[in-house]
1. Only counting other Cβ atoms within 10 Å, I'd like 194, 89 sorted with the fewest neighbours first.
2. Obtain the nm distance between the two label points defined at residue 172 and residue 98 by a simple spin-label model: each point lies 7 Å from its Cα along the Cα-to-C-beta direction.
3. Would you order 167, 27 from fewest to most other beta-carbon atoms within 10 Å of each residue's own beta-carbon?
4. Using Cα-Cα distances under 8 Å and only pairs 6 or more residues apart, what relative contact order does region 103-208 have, in percent?
5. Within a 10 angstrom radius of the beta carbon, how do 208, 130 rank from fewest other beta carbons to most?
6. Given contacts defined as C-alpha pairs under 8 Å and at least six residues apart, what's the relative contact order of region 2-114, whole-number percent?
């Protein structure tokens, strides 16, 4: 699945904002491409990760010396497709056109925002306190706080029914970072929370752009399942041993009797052969 959520820039600049959840696939549109992609170059820029801009596609050909080259492909409309998005993929992507080594027109810029959820606990069980971290990795050349303010971006936690969780709910502690790009949910798990879902949503101008769902999987339930499977295997082995033992003993008795009968017949056969001779 290729997912794209785009909004044109409000100042007339040829730019879009794309919101995607980690683990998904994304398509970044090139709004200035010419008749084919042999003139298209895609450039990735994130000053927090790289000191200089990185060329991903040059004149329609994928560069092989980039860390993400195996996940990249170029669409027939010169769009940049990225598989299995990670939180490190956020940043600014520029689609630029060249003819005879001369740039044609203005850049088409895409700001990629990546939503990622993680947990403070590796083992989940009732009675334990768990904290879920939802972070929007956002880069627009300015601070995350300025980006959130200018684009009216907000993060929320909602339950399985889609109801927004608030600080007034005594069971949950909802906290936002100072730059509003991280929102945490802390709660103590109950027995009935196994397979419960909590979802982190990001909105821009009050419209949901993407979300990430966290499903509670109790470690105790998994251990019980494995123990149950092992118990069933042991029962099968014991049942086989119980039913197979009499059969083995019976076969041994039959073989022993046949062996005794043969031994008793051997002298008679020798005597008969001697008389015939």
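FYI, it's all coordinate maths here, none of it is from the lab. Bear in mind that the values here come from a model prediction, so they are computed numbers and not experimental data. With ideal geometry, Cβ positions are generated from the backbone for all residues, glycine too; neighbour counts draw on all protein chains shown.
1. On the way: 194 16, 89 20.
With the sparsest Cβ surroundings first, the list reads 194, 89.
2. Going from the residue 172 label point to the residue 98 one covers 5.0 nm.
3. Numbers: 167 10, 27 18.
With the sparsest Cβ surroundings first, the list reads 167, 27.
4. On the way: 177 pairs, mean separation 32.8, N = 106.
Worked out over region 103-208, it gives 31 percent.
5. Values: 208 13, 130 19.
Lowest count first: 208, 130.
6. Details: 261 pairs, mean separation 37.4, N = 113.
The value is 33 percent.
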